[in-house]
1. If you take the square roots of the eigenvalues of the alpha-carbon gyration tensor of the stretch 111-195 and sort them as a ≥ b ≥ c, do you get rounded (a/c under 1.5), prolate (a/b over b/c) or oblate?
2. Amide H neighbours of Glu37 under 5 Å, counting only residues 5+ apart in sequence or on other chains, H built in-plane at 1.01 Å?
3. Obtain the nm distance between the two label points defined at Arg122 and Asn257 by a simple spin-label model: each point lies 7 Å from its Cα along the Cα-to-C-beta direction.
4. Using just the helices of the chain, give the 222 nm mean residue ellipticity in deg cm²/dmol: DSSP H runs with n ≥ 4 each add -39,500 (n - 2.57), and the total is spread over all residues, rounded to 500.
5. Provide Phe4, Phe87, Phe209 in ascending order of the number of other Cβ atoms located within 10 Å of each residue's Cβ, fewest first.
6. For the cross-link pairs Lys142/Lys276; Lys161/Lys220; Lys47/Lys273; Lys96/Lys273, which exceed 25 Å when the distance is taken from alpha carbon to alpha carbon?
7. For the chain, set up a GNM with springs between Cα atoms under 10 Å and report which of Glu84, Glu149, Glu228 has the largest fluctuation.
8. Set the Förster distance to 41 Å, then compute FRET efficiency between Ile282 and Lys129 from the Cβ-Cβ distance, nearest 0.05.
Amino acid sequence: MIKFGPSGNDDLFYEQGFSSTKDVFKWLNDFGLDLYEYSFGRGILLKDETAIEFANNAKQNNIQISVHAPYFINLANPDNDAIEKSFNYISNSLDKLILMQGEKCVVHIGSCMKMAREDALRNVTNNLKRFMELFDEKYCNKKIYLCPETMGKFQQIGTYKEIVDLCTMHDSLIPTFDFGHINCILQGNLDKENYKRIIEYSFEKLGEFRTRKMHIHFSKIEFSSKGEIRHLTLDDTEFGPEFEPLATLLQDYKIDNATIISESKNIMAQDAKKLKDIFYKIK
């Protein structure tokens with residue numbers, strides 16, 4: 001069953017008098033959602049005992065947790081010390097994910113810096129391969145997945161083909177398709193045919209299990225000629241993408257084990273519920 005939820009806490013959560021993320025899991029369950037993404041974007045400050053409490057609260061309320069690793073990660077960086085720091089950020093995120101009894105860890109894989117794209121991509125490929133060797137040593141008995149994310153700026157590594165191709169190197173790599181980001185790269189042209197092309201490419205390269213288990217970020221995003229500018233809400237009428245064509249294809253291709261995170265600005269849970277309602281209305 002496809003699960004829906006927000007990245008972070010909705011304004012409505014706070015407006016209704018809640019202040020602690022410990023309370024968000026019951027709130028989400030009552031709201032009709034079943035997924036929550038906890039972000040370590042600015043750093044990993046969460047205490048182990050709090051992560052364990054999150055796990056217990058989430059389990060009691062049938063909420064599945066994913067995490068987002070810090071934004072500082074760049075596996076394209078040619079500096080070895082920087083790469084070791086990136087490895088540590090990923091490992092620490094995975095450790096917290098395990099404590100929270102989650103399954104998927106989203107990661108921004110890298111940016112070109114001042115390198116040619118082919119050089120940056122070569123660095124990412126080599127360093128991700130190195131990290132997955134460490135992954136096998138430390139996490140081989142854990143049912144967790146590292147989920148490289150498609151990106152929304154042209155200088156970042158993360159077209160849908162780059163992400164899917166990177167995921168071919170290890171069975172514990174599952175793509176995060178951020179369709180808002182993809183729409184930025186396509187300059188507003190993410191239509192049904194392009195959705196279909198992305199899904200079929202994943203089936204071709206990764207097979208049925210990992211494609212059907214894809215992680216999805218969805219929001220409308222303002223963009224320029226350089227790519228992503230800022231996240232919007234589903235109510236925006238100027239920028240896309242639209243969810244209905246994707247919802248139809250997810251059903252047509254039986255993508256029945258995916259997780260869909262709303263990253264709408266400020267009202268991410270409310271928009272996650274809209275996405276879920278759209279999906280089941282079509283179904």
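1. Oblate, since a/c reaches 1.5 and b/c is not below a/b.
2. Ser7, Gly8, Ser66
3. 3.7 nm
4. -14500 deg cm²/dmol
5. Phe209, Phe87, Phe4
6. Over 25 Å Cα-Cα: Lys142/Lys276; Lys47/Lys273; Lys96/Lys273.
7. Among Glu84, Glu149, Glu228, the largest mean-square fluctuation in the Gaussian network model of the chain belongs to Glu84.
8. The pair Ile282/Lys129 has a calculated efficiency of 0.55.
Every number in this text was worked out from the coordinates using simple rules, so none of it is lab data. In this text, all values refer to a predicted model and were calculated from it rather than measured experimentally. Reconstructed Cβ throughout: ideal geometry from the backbone, glycine too, with neighbour counts over all protein chains shown.
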